[in-house]
Each structure stands twice: as structure tokens, then as C-alpha cells.
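One structure below.
The values are calculated or read from the model by the stated rules, or taken from the named source; none is laboratory data. Bear in mind the structure is a predicted one, so any value in this text is a computation, not a measurement. No Cβ is skipped: glycine too gets one built from the backbone with ideal geometry, and neighbour counts run over all protein chains shown.
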Amino acid sequence: MVKSRLSTNIGEDCAVQIYKIILENILQNICMREFEVALYCFPDINHSFFEYCREKYNVSLHYQDGNDLGLRMYNAISNNLCTKNNVILIGSDCLELDSDYINDAFLTLDTNNDIVLGPTLDGGYALIGANRIDESIFCNVTWGTDSVLQQTVEKIKSIGWDIACMPYVRDIDTLSDYQYFSEHKNFKHLFIDINKKLISTS
């Protein structure tokens, strides 16, 4: 499954390829540090690409448990906090979540913060880290809107927890997001083949 806003413009096949490229790039960056990585998959944990990621990057595979995005995020964080002091959950559609950014998020949690968020330019967030978690943070959030970050911050503050925000990042939801990264000097090499395919089918 891929985000409909991008697949509507360029087709589902190209959109799938783009998100595979992004995920693998993120995993390559994360593996530069000794983070323990769990990959939460949906809808099919046995997909060949997930198996490829497991074998190449030594990540564990888990099914996203929950009937909406908020519950899936809560369950992933909660399950890992059973055995970890700090947990960072990131999206798989943001190339700017490199190992330094994630490490800084862990360090932020170590400075008397309960929650850390990595906000996105479109009003959401691409990273949430926690040393404790409450399901209310994820309840009744209008996912996919430009008020997700604001709603989440308000929910965290309402339970009296300390929160910090990382620098803003840009994820890939739309064609303009993709065009930004496909032309960016640090990332355009990732999309050479995709751009050729898009040109040939236009």
C-alpha cells in the first residue's frame, strides 16, 4: 500500500518503487549506528521486500497491530518499551531521518523529556520517541491533516508530560515532495531510474 496522493500522479508501480527506495535508504543510514531496528509491516509481513530488508539489514519484522494509524503506533511503542528504556518510532517516507537525526532524538529523550517529536513541514510528524507512552496521545487525531502535530502536542501537554521537538523535516506525500527530493543534490542519485521511467511513460 502506498500513499494515494503520490500514486494518483505517477501511478502505483512507480510510487511503490519510490517508497522502497526511501525505506532502504533509511535502513542503510540507521545501520551505520548500532541501533536495534524493528520493521513494522502492513498489510503483509511476508512480502518478499520485507524479507529482503530483514536479511540484508538484520532487522526484525513485526505486524502493525491496530485498526487505525494511531493504535498501530501506540502498540509498536508500547510493546518495545516493555524491554527498552527509550524507543524511537519513525515513518518510512522521510529521507531526512538519517542516523544523526535519530541519535539526537535519543539524546533529547535523555534530557528530562518524556516525548520527542520530529515535525514535518506539512503539519505532521515523521518521528516520535518516548520513554513512556499513553494511548490517549494517539486517540481522536485527524490523521493526514495539517493539524496532526498540533493535536499531538496538545494531547501530550494535557497529561502533563515534558515534550521536545526536533528540527523540521520533509517527508514524501505528494508529487511536489518527490520532485523536491529527486532534484536535491543529496538524494537525486536515488531516483535516476525512476525519473527515466516517468519520462518514458509520460
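Structure above, values below:
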{"read-out": "Per-region count, segment 102-139, residues of a type in the set (Phe, Trp, Tyr) and either in contact with a strand residue (DSSP E or B) (Cβ under 7 Å, 6 or more places away or on another chain) or without any contact (Cβ under 8 Å) to a residue 24 or more places away in the chain (or both)", "value": "2"}
{"read-out": "Subset of segment 128-166 [charged (D, E, K, R) and under 12 Å from residue 114 (Cα atoms)]", "value": "132, 134, 157, 162"}
{"read-out": "Close pairs (6 angstrom Cβ cut-off, 6 or more residues apart or separate chains): at negative phi in segment 5-25, of a type in the set (Gly, Ala, Ser) and at pLDDT below 90 anywhere", "value": "15/7"}
{"read-out": "Residues located in segment 58-76, provided they are among the hydroxyl-bearing types (Ser, Thr, Tyr) and surrounded by fewer than 16 Cβ atoms within 10 Å (Cβ to Cβ)", "value": "60, 63"}
{"read-out": "Single unsatisfied condition, residue 160 versus (1) modelled with pLDDT of 95 or more; (2) crowded, with 17+ Cβ neighbours inside 10 Å", "value": "(2)"}
{"read-out": "Top-ranked residue in segment 84-119 [being at pLDDT 95 or above and of a type in the set (Ser, Thr, Tyr); ranked as nearest to residue 157 (Cα to Cα)]", "value": "108"}
{"read-out": "Test: residue in segment 7-23 that is modelled with pLDDT of 95 or more, closer than 24 Å to residue 181 by Cα and touching a strand residue (DSSP E or B) at 6+ places or on another chain (Cβ under 8 Å)", "value": "no"}
{"read-out": "Residues of segment 136-182 satisfying the condition of being in a helix (DSSP H, G or I) and among the aliphatic types (A, V, I, L, M)", "value": "137, 148, 149, 153, 156, 175"}
{"read-out": "Cross-chain or 6+ apart pairs with Cβ under 8 Å, segment 39-52 first and touching a residue at least 24 places away in the same chain (Cβ under 8 Å) and under 23 Å from residue 88 (Cα atoms), then surrounded by 15 or more Cβ atoms within 10 Å (Cβ to Cβ) and aliphatic (A, V, I, L, M)", "value": "40/76"}
{"read-out": "Yes/no for residue 79 being among the polar types (S, T, N, Q) and either buried (at least 18 other Cβ atoms within 10 Å of the Cβ) or in contact (Cβ under 8 Å) with a residue 40 or more places away in the chain (or both)", "value": "no"}
{"read-out": "Within segment 183-192, tally of residues that are in a helix (DSSP H, G or I) and either surrounded by 14 or more Cβ atoms within 10 Å (Cβ to Cβ) or in contact (Cβ under 8 Å) with a residue 12 or more places away in the chain (or both)", "value": "2"}
{"read-out": "Residue within segment 126-134 that is at pLDDT 95 or above, exposed (fewer than 14 other Cβ atoms within 10 Å of the Cβ), small (Gly, Ala, Ser) and closer than 22 Å to residue 65 by Cβ present", "value": "no"}
{"read-out": "Answer from 149, 97 - the residue that is among the aliphatic types (A, V, I, L, M) and free of Cβ contacts under 8 Å to residues at least 40 places away in the same chain", "value": "149"}
{"read-out": "Failed condition for residue 52, given (1) more than 23 Å from residue 137 (Cβ to Cβ); (2) surrounded by 15 or more Cβ atoms within 10 Å (Cβ to Cβ)", "value": "(2)"}
{"read-out": "Subset tally (residues that are out of contact with any strand residue (DSSP E or B) (no Cβ under 9 Å at 6 or more places or on another chain) and closer than 30 Å to residue 4 by Cα) for segment 79-99", "value": "2"}
